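The values are calculated or read from the model by the stated rules, or taken from the named source; none is laboratory data. It should be emphasised that the depicted structure is a prediction, and the values quoted were computed from it without experimental measurement. Quick reminder, even Gly has a Cβ in these numbers, built from the backbone with ideal geometry, and neighbours come from all protein chains shown. These area figures cover heavy atoms from the full protein model, side chains too; ligands, DNA and RNA do not enter into them. Shrake-Rupley method; radii C 1.70, N 1.55, O 1.52, S 1.80 Å.
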Amino acid sequence: MFPPPMRAVTLLAIATALVGCTATSDIESRDFMVQQNATPASIDAGTAQEMAKLLGTSGPTYVTLVVSAKGAPGTTASTNPSDNRGKPATSGSGFLVDGSGYVLTAAHVALGKGNEVSARAANGRVYGGQVIAILPDNDMALIRLKGYSGRAATPVKNQCISPGSMVYSLGKPHAQGDTARIGKLESMSYGRAVQYGKFGYPDAMVLKMGTQKGESGGPVFNEQGQLIGMVVSTLTDANGNLINLAHAIPASDLARFLCSNMSCDAEWQSLSRKTTTQCSNI
């Protein structure tokens, strides 16, 4: 259930991926623009200093993605394999969950198993990869990048997080630079399922955070820089107006999906055995 102030508002979830984006080859900066969506209203010197430390640890785990769907409109058959890769269909964000190149993102960003991916990493280089697993009904997808090894996100040990706790996300709004959003956890549960096309999720964490298109699949961290979830949608009122709230798939769900599709370490395995239904603060 939502806290009382949220019950009076009709909320609709909308997917934050954008169709029709094209890849670029320029090296983008890993300097994050920090936007604060939680009180206090402005970022003081202490908060800025703490965020700089956290971004130094969590920033390298984050990647930006462009997905090319096989057989997408505009493609033609060819005897040259490089001509059959498909046109860029979606773009979004993601994060490294294993140092050998495994990346998690939203299913509505990945679109389908076997799709090809171009990922820009923290070192400024672009790596190719492929969607190797997808779960449309809980909006998660796993990507394997070729030739990339980097810093993986550290999952939270306790999935139960108190409402009001400070959180932050990493993502790249379309036509903008890399963005870190500081917000708060509104609730561990939305209380009902959400569906958009063939994608959706049975429940989600609610964040006091104004995400935008392009940030789907981006990681969400706690104040210790531990991964607590993944952004999947922003929220609007009944008239379609943004209301500074977002949904995130909890890390325990991510862990179960990850460990069912690859060999995961002890931290992920431990988290995969937990659920948000065990939290007393939902």
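So the values come out like this:
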read-out	value
Strands (runs of 3 or more DSSP E) wholly inside segment 182-243 containing at least 1 residues that are closer than 28 Å to ALA52 by Cβ	205-208, 219-221, 227-236
Flag for ALA193 being surrounded by fewer than 24 Cβ atoms within 10 Å (Cβ to Cβ), at pLDDT below 90 and not polar (S, T, N, Q)	no
Enumeration of residues in segment 102-119 that are closer than 16 Å to PRO219 by Cα and either of a type in the set (Gly, Ala, Ser) or open to solvent by less than 20 Å² (accessible area, probe 1.4 Å) (or both)	VAL103, LEU104, THR105, ALA106, ALA107, HIS108, VAL109, ALA110, ALA119
Within segment 161-173, tally of residues that are open to solvent by 10 Å² or more (accessible area, probe 1.4 Å) and not basic (Lys, Arg)	6
Residue selected from segment 230-259 under the condition under 16 Å from ASP98 (Cα atoms) and without any contact (Cβ under 8 Å) to a residue 40 or more places away in the chain, by the criterion surrounded by the fewest Cβ atoms within 10 Å (Cβ to Cβ)	CYS259
Scan of segment 260-282 for residues that are open to solvent by 30 Å² or more (accessible area, probe 1.4 Å), of a type outside the set (A, V, I, L, M) and closer than 24 Å to SER162 by Cα, ordered by number	GLU267, GLN269, SER270, ARG273, LYS274, THR275, THR277, GLN278, SER280, ASN281
Residue in segment 251-270 that is part of a strand (DSSP E or B) and either closer than 30 Å to GLN49 by Cα or modelled with pLDDT of 95 or more (or both) present	no
Segment 98-125 - residue that is within 12 Å of the chain's Cα centre (by Cα) and in a strand (DSSP E or B) and, of those, farthest from MET140 (Cα to Cα)	VAL103
Residues within segment 133-177 that are under 19 Å from VAL67 (Cα atoms), aliphatic (A, V, I, L, M) and not in a strand (DSSP E or B), tallied	1
Subset tally (residues that are surrounded by fewer than 19 Cβ atoms within 10 Å (Cβ to Cβ), closer than 15 Å to LEU104 by Cβ and modelled with pLDDT of 95 or more) for segment 145-160	1
Qualifying residues in segment 235-271 (those that are over 18 Å from the mean Cα position of the chain (by Cα) and among the hydroxyl-bearing types (Ser, Thr, Tyr)) - the one nearest to LEU142 (Cα to Cα)	SER260
